[in-house]
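Notes follow once the structure below has been shown.
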Amino acid sequence: MSNEWRSSRGMLWVSMVMTVCITVAHYTTDSHDIAYHNVFRRLYYVPVVLAAFGMGLRGGLGAAIFASLAYIPHAFLLHHHHDPAPAVDKVLEIVLYLVVGGMTGWLVERERHARQRLERTLRDRAELERELVRAGKLSGLGELLAGVAHEIRNPLASIMGA
């Protein structure tokens, strides 16, 4: 199991725990404390972005859906203890969870692919440099051997001519 895979799964778990903690705090806040509800509604972005950084598009969208599902009952279904914001604000907030999760995940995946391409290019460059150095050494060896052969052939030619 690779470290990157373990760390991305760890980020996903942290994201889920954060979402649960935010949800519990949001559900237990009195409906007259509008400022706290506004803060808790915005705090859902943190685990969504964290999951997107950990697992890319799937993580971002998954965390956004999880946060939306955790928030929907408090936003629309509970009548005795609900989020006091207007319904349009709640719907737009849920849409933004999905947009932010998707966009962040997509950008993270693009960055990872670009990094992989760069690493592959750097490995290829290093290999080409090693081959170039080897070719230079072989070229130098060839020139040296040609010079030695020339130096040996000249006296032999003189001896054979005499």
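Here are the numbers for this structure:
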| item | result |
| --- | --- |
| Among L132, L122, L12, residue whose mean-square fluctuation peaks in a GNM of the chain (springs only between Cα atoms under 10 Å) | L132 |
| Sum of -39500 (n - 2.57) over DSSP H runs of 4+, divided by residues of the chain (222 nm, nearest 500) | -31500 deg cm²/dmol |
| Matching label, log10 I(q)/I(0) by the Debye sum over Cα atoms at q = 0.08, 0.09, 0.11, 0.19 Å⁻¹ computed from the structure shown, candidates (1) -0.44, -0.49, -0.61, -1.09; (2) -0.20, -0.26, -0.39, -1.22; (3) -0.24, -0.30, -0.45, -1.29 | (1) |
| Accessible solvent surface per residue of the range 68-162, calculated while the other protein chains remain in place, 1.4 angstrom probe, Å² | 75 Å² |
| Student exercise, the chain dipole from Lys, Arg, Asp, Glu Cβ charges, in Debye to nearest 20 | 440 debye |
| Selected from Y97, H150, G62, residue furthest toward positive end of dipole (the chain; charges at beta carbon) | H150 |
| The chain - percent of accessible surface contributed by carbon and sulfur, probe 1.4 Å | 69 percent |
| Nearest 10 degrees, 0 to 90: helix 3-28 Cα axis against the chain principal axis | 10 degrees |
| Computed accessible area, E129, all protein chains, 1.4 angstrom probe, square angstrom | 90 Å² |
| Highest-MSF residue in the chain out of H150, H82, H37 [GNM, Cα springs under 10 Å] | H150 |
| Mean Cα-pair separation over length for the range 1-65, i.e. relative contact order, pairs under 8 Å, 6 or more apart, % | 39 percent |
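The values are calculated or read from the model by the stated rules, or taken from the named source; none is laboratory data. From a predicted model like this one, the values you see are computed outputs, not experimental measurements. Here the Cβ is made from the backbone with ideal geometry for all residues, glycine too, and neighbour counts use every protein chain on show. We work out accessible area using only protein heavy atoms, side chains counted, and drop any ligands, DNA or RNA first. Shrake-Rupley method; radii C 1.70, N 1.55, O 1.52, S 1.80 Å.
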